[in-house]
Amino acid sequence: MSILVYVENTDGKFKKSAFEVVSYAKSIADNIQTDVVAISIGNVAEDELAALGKYGASKVLNVNQEQLASFVNQAYASIIAEALKSTGSKLLVLSNSFSGKGLAPRIAAKLEAGLADGALELPHITDDKLTVKKTAFSNKAFATLELTSDIKVIALSPNAYEIKETGGNATVETFTPNIDQLDFSTVVKEIVRATDKVSLPEADIVVSAGRGLKGPENWGMIEELADVLGAATACSKPVSDAGWRPHSEHVGQTGIVVSPNLYIAIGISGAIQHLAGVSSSKTIVVINKDPEAPFFKVADYGIVGDVFDIVPKLTQALKAYRGI
Amino acid sequence: MKILVCISNVPDTTSKITFTNDNTAFNTAGVQFIINPYDEIALSKAVELAEGGKGTVTVINVGDASTDATIRKALAIGADNAVRIDAAPRDAWFVANQIAAYAKDNAFDLILTGRESIDYNGAQVAAIIGELLQIPSVSIAKKVEVASDMVTVEREIEGGKEVLTAKLPLVIGTAEGVAEPKIPNMRGIMSARSKPLDVVEPFSVELLAHIVNYETPAPRGTVKLVDATEVEKLVSLLHDEAKVI
């Protein structure tokens with residue numbers, strides 16, 4: 001009874017989350033002595049598919065049909081559910097990415113499977129019971145969820161599990177699903193990618209700024225710092241509410257929840273709602289002129305001072321360190 | 001156009017989260033409950049779409065009588081009528097089943113939910129309703145436009161956005177940007193008292209999962225402060241000590 005993993009790609013290249021979910025599934029498979037079968041939908045090159053073997057997949061089911069070139073929630077859900085049935089897998093793992101959030105509940109409902117969304121750790125599996133830790137209350141707490149259904153679905157939080165190289169090559173098989181045209185009632189018209197920017201939910205490093213920046217005209221120094229670090233940029237809610245930055249950069253309880261290795265908060269006081277969205281970051285750096293800012297209470301490193309003075313100096317110091 | 005908006009009754013965003021009964025139940029003592037912020041955005045969008053006699057807005061909540069205050073606020077924001085399924089909201093699967101059953105009997109054109117609730121963050125309800133009703137669902141919508149029976153939705157994707165179209169009926173999980181949250185005015189508050197709020201009996205649903213217990217994050221250590229004149233030291237600490245650069 002293999003574990004089935006759905007791996008996402010962007011324009012034919014696997015996303016970081018694809019390697020995370022395969023690595024995660026491989027660790028589960030080793031614990032319960034089974035193997036990992038991945039399913040890829042879209043136009044991905046054969047060698048890219050086979051390379052999933054490096055992370056522990058023994059087989060890759062390749063669905064490459066014109067109609068499925070871009071993500072269609074209903075159709076992808078039907079195909080993955082069909083693959084699950086045809087492989088006899090009882091456990092599906094996918095990423096709790098933006099697409100995964102639409103896909104996982106749809107597949108789970110189709111199969112009457114229990115779903116652990118936002119899983120943070122490896123599950124505990126004994127007999128047919130599976131428990132797993134997940135986020136709750138917007139990262140202000142965690143819950144241990146027990147899935148009691150026959151088929152089970154885990155949607156893994158981005159950045160929650162380390163990518164591990166373990167194996168060799170995977171065999172690639174073409175999978176031809178039964179396509180139901182009714183599953184194509186949504187039509188993708190346009191995809192706009194900000195290709196020069198690091199994707200915020202997947203970023204290893206996030207540079208985030210708040211009202212302390214005083215206005216959108218001052219974001220140049222934030223972007224420069226992010227560039228040096230190869231980081232994604234983010235902001236606090238008041239900043240996106242004021243229209244200084246797009247909503248897609250708003251990090252916090254009612255925005256995007258991030259868990260990078262390094263989160264640098266600049267001119268953000270640290271309201272409880274903001275902290276909820278970043279508290280699972282591994283290392284937090286806070287730069288703020290107010291020594292009483294609540295953010296310092298959860299930070300690992302801090303600098304008290306004028307952000308307009310400190311940020312350019314920090315960018316220079318990082319450039320020197322990187323030899324740029 | 002008949003619009004159904006699913007609302008959830010959640011702890012205020014400033015709430016301190018604690019648990020009782022040996023960490024198996026959320027401690028509601030002293031907690032103020034509000035409309036889930038994302039659901040408020042969905043509701044505001046629905047009211048906007050129905051303005052000028054272009055449609056009706058029904059709000060639906062799965063909850064016991066304690067959620068009536070939240071439902072009345074939704075009516076004050078501009079919903080025409082409300083339905084409460086009289087049951088504790090056990091999980092997304094249970095809630096979505098109750099809502100889908102009601103929606104099936106009442107033929108809504110557009111069903112809106114928030115992208116996720118801020119208590120369990122499942123982002124599941126919209127997609128499960130879509131599957132149960134066999135209609136399309138779009139999650140994390142940043143923009144919604146309706147022209148006749150065609151809906152254009154802008155959806156967030158990693159590192160960009162995707163624009164898609166779909167015909168009604170459709171379920172959409174809405175995020176920030178879809179509409180500005182509406183603040184109820186005095187007229188809305190007064191009229192909300194007399195708007196219909198139907199209470200419907202739930203049906204039983206076999207649960208597929210349950211929460212065993214909760215925990216709160218371990219406190220982080222104390223901050224290490226670096227002098228503003230020694231910024232280079234921070235770079236060394238991030239490299240040598242934290243090993244993140």
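Of all the accessible heavy-atom surface of the stretch A:1-152, with the other protein chains kept in place and a 1.4 Å probe, what percent is carbon and sulfur? The partial results should precede the final answer.
On the way: 2110 of 4770 Å².
Looking at the stretch A:1-152 in its full context, I get 44 percent from C and S.
Of all alpha-carbon pairs in the stretch A:1-150, indicate the percentage at a distance above 22 angstrom. It would help to have the intermediate numbers written out before the result.
Details: 4001 of 11175 pairs.
That tail contains 36 percent of the Cα-Cα pairs.
The DSSP beta bridges internal to chain B are antiparallel in roughly 45% of cases. Extent along the principal axes, Cα only, for chain A: 60, 41, 39 Å, with the longest axis given first. Counts of other chain beta carbons within 10 angstrom of each beta carbon in peptide A:128-136 average 3. Taken over the protein assembly as shown, the percentage of Cα pairs per 20 Å bin, counting from 0 up to the bin with the maximum distance, is 21, 55, 24, 1.
Percent of Cα pairs in the stretch A:206-316 per distance bin of 5 Å, from zero to the largest separation: 3, 13, 27, 28, 22, 7, 0.
For chain B, pairs of C-alpha atoms spaced more than 23 angstrom apart make up 55 percent of the total.
Just order B:221-229, B:102-110 by mean Cβ neighbour count inside 10 Å, highest at the front, would you? Before the final figure, lay out the partial values.
Working: B:221-229: 14.1, B:102-110: 16.4.
Top of the packing list down: B:102-110, B:221-229.
Neighbouring Cβ atoms from other chains, within 10 Å of the Cβ of residues in B:236-244, number 5 on average.
Remark: for residue pairs A:LYS110/B:LYS45; A:LYS110/B:LYS104; A:LYS237/B:LYS182; A:LYS13/A:LYS319; A:LYS110/B:LYS73, the C-alpha separation exceeds 23 Å in A:LYS110/B:LYS45; A:LYS13/A:LYS319; A:LYS110/B:LYS73. Rg then Dmax, both in Å and based on the Cα atoms of the stretch B:111-197: 15.0, 46.
By per-residue mean of other Cβ atoms within 10 Å, what is the highest-first order of B:159-169, A:91-101?
On the way: B:159-169: 18.5, A:91-101: 26.6.
Ranking, from highest mean packing down: A:91-101, B:159-169.
Set against the 2.2 N^0.38 Å expectation for a compact globular protein, the stretch A:84-136 has a Cα radius of gyration ratio of 1.15.
With θ taken as phi - 60° and the Karplus curve 6.51 cos²θ - 1.76 cosθ + 1.60 applied, the whole-hertz 3J(HN,Hα) list for the stretch B:41-58 is 5, 4, 5, 4, 5, 4, 4, 4, 5, 8, 4, x, x, 7, x, 10, 10, 10 Hz, x standing for glycine and proline.
Over chain A, what is the percentage of antiparallel beta bridges among all DSSP beta bridges, to the nearest 5? The partial results should precede the final answer.
Details: 13 of 60 bridges.
Here the antiparallel bridges make up roughly 20 percent for chain A.
Between A and B, buried accessible area from a 1.4 angstrom probe totals roughly 6900 Å², ignoring ligands, DNA and RNA. Along the stretch B:150-162 the Karplus relation, 6.51 cos²θ - 1.76 cosθ + 1.60 evaluated at θ = phi - 60°, assigns HN-Hα couplings of 10, 10, 10, 10, 9, 10, 7, 10, 4, x, x, 9, 10 Hz to successive residues, with x for each Gly and Pro. Mean projection of the Cα convex hull over all viewing directions, computed for the stretch A:54-116: 4.9 nm².
Shielding by partners for peptide B:129-138, expressed as the average number of C-beta atoms from other protein chains within 10 Å of each residue's C-beta, is 6.
Give me the accessible area per residue for the stretch B:119-164, probe 1.4 Å, as a whole number in Å². Could you put the intermediate results ahead of the total?
Details: 1400 Å² over 46 residues.
Roughly 30 Å² per residue, with all protein chains present.
Loop-located GluC sites (Glu not before Pro) in the stretch A:63-121 (DSSP state other than H, G, I, E, B) with a sparse environment of at most 12 neighbouring Cβ atoms within 10 Å: A:GLU112. Rg over Rh for the stretch A:91-212 works out to 1.02, using Cα positions for both radii and the Kirkwood form for Rh.
Which percent, to the nearest 5, of DSSP beta bridges fully inside the stretch A:1-92 are antiparallel? Working shown, then result.
Details: 2 of 15 bridges.
Taking every DSSP beta bridge with both residues in the stretch A:1-92, the antiparallel ones total about 15 percent.
For the stretch B:223-237, putting each phi into the Karplus relation 6.51 cos²θ - 1.76 cosθ + 1.60 with θ = phi - 60° gives couplings of 6, 9, 8, 10, 5, 4, 8, 10, 4, 4, 5, 4, 4, 5, 4 Hz, in residue order, rounded to whole numbers and with x for Gly and Pro. Residue ranges A:158-168, B:126-136, B:173-183 sort as B:126-136, B:173-183, A:158-168 when ordered by packing (mean number of other C-beta atoms within 10 Å per residue, highest first). Give me the distance between the Cα centres of the stretch B:176-245 and the stretch A:255-305, rounded to whole Å. Each part reduced to its Cα centre gives a spacing of 14 Å. For the stretch B:11-103, the calculated P(r) over all alpha carbon pairs, in 10 Å bins from 0 to the bin holding the longest distance, is 14, 41, 33, 10, 2, 0 percent.
Using the heavy atoms of the protein chains and a 1.4 angstrom probe, tell me the accessible area per residue for chain A in square angstrom. Present the calculation step by step, with values, prior to reporting the outcome.
Numbers: 12090 Å² over 324 residues.
Ligands and nucleic acids excluded, the figure is 37 Å² per residue.
Under 5 Å from the amide H of B:ALA123 lie the amide H atoms of B:SER117, each residue being 5 or more positions distant or on a separate chain, with H modelled from the backbone and absent for Pro and chain starts.
The values are calculated or read from the model by the stated rules, or taken from the named source; none is laboratory data. It should be emphasised that the depicted structure is a prediction, and the values quoted were computed from it without experimental measurement. Please note: Cβ atoms are built from the backbone with ideal geometry, for glycine as well, and neighbour counts cover all protein chains shown. Surface areas here come from the heavy atoms of the whole protein model, side chains and all, with no ligands, DNA or RNA. Shrake-Rupley method; radii C 1.70, N 1.55, O 1.52, S 1.80 Å.
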